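Notes for the one structure printed next.
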Amino acid sequence: MRHSVKGTKFGRKTGDRRNFIKSLETNLILEGGIQTTTARAKEIRPRVEKLVTIAKKQDLASLKMLIKKLPEKAAFKLFHDIAPKYGERKGGYLRIMKTATWRKRDGADLVNIEFV
């Protein structure tokens with residue numbers, strides 16, 4: 001049983017997994033949408049939505065929190081470009097759409113994750 005176990009491990013050690021998830025989040029923010037596997041998209045969706053909620057406050061403290069959690073370029077883009085679009089929206093900033101393709105080497109289902 002997996003009581004109180006949060007998230008998936010992706011076959012990586014703790015530090016590698018943190019860096020991997022951070023790079024997925026950064027690429028999603030900088031590009032506006034990425035194609036990845038279902039498990040990866042489901043893992044980063046709540047994390048990025050929480051970052052958007054922080055950025056929606058539009059104050060200096062929230063900008064500093066974003067810079068602490070993301071690379072500076074991604075933090076500024078999220079704060080200045082993406083978050084103001086969702087000022088009235090209460091949540092659900094990301095969309096996961098299934099595609100009809102899969103990865104050739106292991107057959108993993110691919111999805112597109114993008115901002116609404």
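Taking all protein chains as present, what is the carbon and sulfur share of the accessible area of the range 1-104, in % to the nearest whole number, probe 1.4 Å?
Carbon with sulfur: 52 percent of the solvent-accessible area.
Percent relative contact order of the chain, based on C-alpha pairs within less than 8 angstrom and at least six residues apart?
30 percent
Step through the table entries 50/104; 22/98; 42/77; 6/69; 22/73, compare each Cα-Cα distance with 24 Å, and write down the pairs that go over it.
Listed pairs above 24 Å: 50/104.
Would you mind working out the accessible area per residue for the range 1-64, using a 1.4 Å probe, and quoting it in Å²?
66 Å²
Can you pull the percent of Cα pairs in the range 52-116 with separation above 18 Å?
When all Cα pairs of the range 52-116 are counted, 49 percent exceed 18 Å.
Just how large is the dipole of the range 1-85 about the Cα centre, in debye to the nearest 20, putting +1 at every Lys and Arg Cβ and -1 at every Asp and Glu Cβ?
It comes to approximately 420 debye.
Going 7 Å from the Cα of residue 102 toward and past its Cβ, which residues in the range 32-53 have a backbone nitrogen under 13 Å from where you end up?
38
Using only Cα atoms, tell me the angle between helix 14-31 and the longest principal axis of the chain; keep it within 0 to 90° and round to the nearest 10.
60 degrees
So how tilted is helix 38-55 from the main axis of the chain? Cα-based, degrees 0 to 90, rounded to 10.
10 degrees
What share of Cα pairs, in percent, lie more than 13 angstrom apart in the range 15-57?
55 percent
Return the FRET efficiency for the residue pair residue 23, residue 1: r is the Cβ-Cβ distance, R0 is 22 Å, and the value is rounded to the nearest 0.05.
Efficiency at R0 = 22 Å is approximately 0.10.
Report Rg(Cα)/(2.2 N^0.38 Å) for the chain, keeping two decimals.
1.12
The values are calculated or read from the model by the stated rules, or taken from the named source; none is laboratory data. Source: prediction; values computed, not measured. Heads up, the Cβs are rebuilt from the backbone with ideal geometry, glycines too, and the neighbour counts pull from every protein chain shown. Side chains included, ligands, DNA and RNA excluded: accessible areas come from the protein's heavy atoms. Shrake-Rupley method; radii C 1.70, N 1.55, O 1.52, S 1.80 Å.
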